[in-house]
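Report on one structure; see the data block that follows.
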Amino acid sequence: MLYFLPLVLGFFIAFLAVMPPGLINMSAARISTQDGKNVALSFAIGAAVIIFFQTFVAVLFARFINNHQEIVATLQEIGILVFSLLSVYFFWIAKKPKKIKTGKTVKGKSKRFFMGMLLSTLNLLPIPFYVFASMSLSAAGYFSFDRLPVSCFVVGVVIGSFTVFYIYIVAFKKIEKKTNFLMKNFNTIMGSVTTFMAVVTLFKLLYK
């Protein structure tokens, strides 16, 4: 149970984080409609490989921070500023996301595999996200930074992320209306989330 829980938590955290329409899952859906399911799966596997390393680095960084508590308060202060700026951006500056247009196809599993790795590498948001996620789980007593729990958590994140990619690949037509709604309201949703995170972090600093 000690190792099963981090696996399950990693899966569900990644599943919920990746489910909203984003660059990688929408690209996987587009590739599926253009080049077929198998080629899209190759793209998703490439993206998942990078997610594995990103999550592993994030958890190692979280372990380092956890062992140096003097850093935590400073990071929380920085987090308030970052979340506040992101809230301003999403509510007042960012433009509405556009639908992904059909462009040139790049056929071939190997090319799509490396394209998945490239897009996933360019997406650096998972690293700070899983830093704070693993630290929060550790503080709540649901996770430890020992080798096996860390490995299980990372594997859970990869499986959860790939599951979402697979859903987009095989069922995009069925969920297209829902994804269009999320795309139209993406800035509002993200602005609300970042505002909530800024308020929660502020309360932690004031009342710790």
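Numbers at a glance
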item: Qualifying positions in region 32-44 - more than 8 Å from ILE169 (Cα to Cα) and either of a type in the set (Gly, Ala, Ser) or buried (at least 20 other Cβ atoms within 10 Å of the Cβ) (or both); result: GLY36, VAL39, SER42, PHE43, ALA44
item: Any hit, region 139-162, residues being modelled with pLDDT under 75, assigned to a helix (DSSP H, G or I), open to solvent by 50 Å² or more (accessible area, probe 1.4 Å) and out of contact with any His (no Cβ under 6 Å at 6 or more places or on another chain); result: yes
item: Subset tally (residues that are in a helix (DSSP H, G or I), in contact (Cβ under 8 Å) with a residue 60 or more places away in the chain, closer than 19 Å to GLY36 by Cα and not aliphatic (A, V, I, L, M)) for region 108-126; result: 6
item: Scan of region 58-67 for residues that are open to solvent by 80 Å² or more (accessible area, probe 1.4 Å) and either modelled with pLDDT of 90 or more or outside any helix (DSSP H, G or I) (or both), ordered by number; result: ASN67
item: Some residue of region 100-109 being over 30 Å from ILE71 (Cα atoms), out of contact with any His (no Cβ under 7 Å at 6 or more places or on another chain) and at pLDDT 65 or above; result: yes
item: From ALA44, ALA48, ALA29, residue being farther than 11 Å from GLY116 by Cα and aliphatic (A, V, I, L, M); result: ALA29
item: Count - residues of region 1-31 that are small (Gly, Ala, Ser), part of a helix (DSSP H, G or I) and either open to solvent by 20 Å² or more (accessible area, probe 1.4 Å) or free of Cβ contacts under 8 Å to residues at least 60 places away in the same chain (or both); result: 1
item: Region 3-51, residues that are among the hydroxyl-bearing types (Ser, Thr, Tyr) and within 21 Å of GLY141 (Cα to Cα); result: TYR3
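The values are calculated or read from the model by the stated rules, or taken from the named source; none is laboratory data. Small disclaimer: the values here were computed from a predicted structure and weren't measured. Ideal geometry is used to build each Cβ from the backbone, glycine not excepted, and the neighbour counts take in all protein chains shown. Side chains included, ligands, DNA and RNA excluded: accessible areas come from the protein's heavy atoms. Shrake-Rupley method; radii C 1.70, N 1.55, O 1.52, S 1.80 Å.
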